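Structure in structure tokens, see below.
The values are calculated or read from the model by the stated rules, or taken from the named source; none is laboratory data. If you're wondering where the values come from, they're calculated on a predicted model, not measured in any experiment. Here the Cβ is made from the backbone with ideal geometry for all residues, glycine too, and neighbour counts use every protein chain on show.
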Amino acid sequence: GFAELVIRNSDLILGTAERTILTVKDGILVANAGIDHKNAPEGFAALWPEDPNLEAKRIRDEIMRRTGKVVGVIIVDSKLSPLRMGTTGFALGIAGFRGIRDYRGKSDAYGKRILVTTLNVADDLASAAHLLMGEGDDLIPFVIIRGAPVEFGDFDPEELKISPDRCAYFRPIYGRLYKTSGGQ
């Protein structure tokens with residue numbers, strides 16, 4: 001069934017909540033390994049592409065070949081955020097632009113040096129697109145965003161991810177998991 005599909009597609013299972021298995025899949029903290037019955041035919045489930053960044057690159061390359069335009073592509077999925085109601089969009093896969101804007105070392109509005117802030121451009125754009133695409137029978141499979149302040153080029157999409165031991169949400173959980181699983 002569904003739970004078995006989630007377990008088989010998860011890299012790590014953290015626990016359960018009502019109708020949800022909290023998992024890590026491809027370095028992303030996500031409910032049900034990203035698997036969804038919603039917007040899939042009866043008896044089927046929607047799974048992530050095997051390599052979302054490669055799929056985004058394939059789509060980008062084809063759009064650029066057909067149009068001659070320089071574009072970036074985001075494959076969007078929805079996620080839950082800790083202690084927040086509702087879903088928001090996030091960038092499951094990207095190609096053709098820098099996904100992160102790094103503010104570290106720059107000045108804030110009061111002239112103070114910024115120590116840790118990076119802006120996730122890809123997730124912000126994905127969330128804006130998700131608002132228009134919807135979650136139900138909206139049937140809007142893609143959104144064109146024009147004029148976004150992005151840096152186009154071939155950048156590493158893995159820069160969107162952070163290791164569990166550096167993640168503000170996951171680090172406390174990760175430490176406990178490591179200790180209880182026999183880690184040193």
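Which one is surrounded by the most Cβ atoms within 10 Å (Cβ to Cβ), of the residues in the stretch 70-83 that are at pLDDT 95 or above and not in a loop (DSSP other than H, G, I, E, B)?
So, considering only residues that are at pLDDT 95 or above and not in a loop (DSSP other than H, G, I, E, B), the one surrounded by the most Cβ atoms within 10 Å (Cβ to Cβ) is Ile74.
What pairs come out if I take residues in the stretch 121-142 that are over 13 Å from Ile94 (Cβ atoms) and pair them with residues that are acidic (Asp, Glu) and not in a helix (DSSP H, G or I) whose C-beta lies under 9 Å away, six or more apart or interchain?
Correct list of pairs: His130/Asp77; Leu132/Asp138.
Within the stretch 27-59, how many residues are surrounded by fewer than 19 Cβ atoms within 10 Å (Cβ to Cβ) and within 23 Å of Gly153 (Cβ to Cβ)?
Here the count works out to 8.
Would you mention how many residues in the stretch 125-175 are under 12 Å from Gly99 (Cβ atoms), crowded, with 17+ Cβ neighbours inside 10 Å and not hydrophobic (A, V, I, L, M, F, W, C)?
Number satisfying all stated conditions: 1.
Right, another one. Can you spot a residue in the stretch 94-116 that is in contact (Cβ under 8 Å) with a residue 24 or more places away in the chain, over 20 Å from Val150 (Cα atoms), loosely packed, with under 13 Cβ neighbours inside 10 Å and basic (Lys, Arg)?
Within the stretch 94-116 (the criterion being in contact (Cβ under 8 Å) with a residue 24 or more places away in the chain, over 20 Å from Val150 (Cα atoms), loosely packed, with under 13 Cβ neighbours inside 10 Å and basic (Lys, Arg)), the answer is no, since none of the residues qualifies.
Gly105 versus (1) more than 20 Å from the chain's Cα centre (by Cα); (2) in a helix (DSSP H, G or I): which is the lone unmet condition?
Tallying (1) more than 20 Å from the chain's Cα centre (by Cα); (2) in a helix (DSSP H, G or I), Gly105 fails exactly one: (2).
Considering every residue within the stretch 61-69, establish whether at least one is of a type in the set (Ser, Thr, Tyr) and either in contact with a Ser or Thr (Cβ under 8 Å, 6 or more places away or on another chain) or at pLDDT below 95 (or both).
no
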